[in-house]
Ligand SMILES: Cc1cc2nc3c(=O)[nH]c(=O)nc-3n(C[C@H](O)[C@H](O)[C@H](O)COP(=O)(O)O)c2cc1C
């Protein structure tokens, strides 16, 4: 198992509707290659976690990093991992500001992920716990149904 996490900035003309269209295709591709993960969006920033076989994950990241629909693609981590954090989703999507019922806990979590830095780059347990929390919150919300 191999996991890549990166951050990027959405182009201003990449609309929510186009993001959902892109995700439909992405889910088909990811399913075929046994790739799972999550794509989080907050005020124009993307943060994506991609997990699967190393060669598939690296190949997908190479494609994604050249995609003109986002810029400033910044690799945060690329490492061998023991378990999948998002085994039930080929690519679950969530926009922090989309759901006005967002709970405080989710805001805290997203802020830690997008702006905290440390939790993401820290190897080991704290990171696992962090993604477990993200998974639990997205699961609760059954976001976007993808
Ligand atoms: C932020 C972002 C995340 C993406 N995530 C995925 C993904 O998880 N899986 C995927 O196959 N394509 C993903 N893509 C799309 C790829 O960059 C690329 O467009 C696609 O794989 C090529 O498919 P197509 O030629 O059929 O459009 C993503 C693109 C962006 C901008």
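The values are calculated or read from the model by the stated rules, or taken from the named source; none is laboratory data. Given the structure is predicted, the values throughout are model-derived calculations rather than measurements. Please note: Cβ atoms are built from the backbone with ideal geometry, for glycine as well, and neighbour counts cover all protein chains shown.
For the structure I just gave you, tell me whether residue 73 is over 26 Å from residue 136 (Cβ atoms), modelled with pLDDT of 95 or more and in contact with a helix residue (DSSP H, G or I) (Cβ under 7 Å, 6 or more places away or on another chain). Yes: the conditions hold for residue 73. Only one of the numbered conditions (1) surrounded by fewer than 18 Cβ atoms within 10 Å (Cβ to Cβ); (2) in contact (Cβ under 8 Å) with a residue 12 or more places away in the chain; (3) near the ligand (Cβ under 9 Å from one of its atoms); (4) farther than 15 Å from residue 3 by Cα is violated by residue 25, and that is (2). Just one of the numbered conditions (1) more than 18 Å from residue 114 (Cβ to Cβ); (2) within 11 Å of the ligand (Cβ to nearest atom) is not true of residue 8: (1).
Counting only helices (runs of 4 or more DSSP H) that fall entirely inside region 99-146 and contain at least 2 residues that are at pLDDT 80 or above and closer than 16 Å to residue 40 by Cα, the qualifying elements are 104-111, 125-141. Yes or no: residue 60 crowded, with 19+ Cβ neighbours inside 10 Å, modelled with pLDDT of 95 or more, within 9 Å of the ligand (Cβ to nearest atom) and assigned to a helix (DSSP H, G or I)? Yes: the conditions hold for residue 60. Does residue 34 meet the test of being more than 10 Å from the ligand (Cβ to nearest atom) and part of a loop (DSSP other than H, G, I, E, B)? So residue 34 fits the description; yes.
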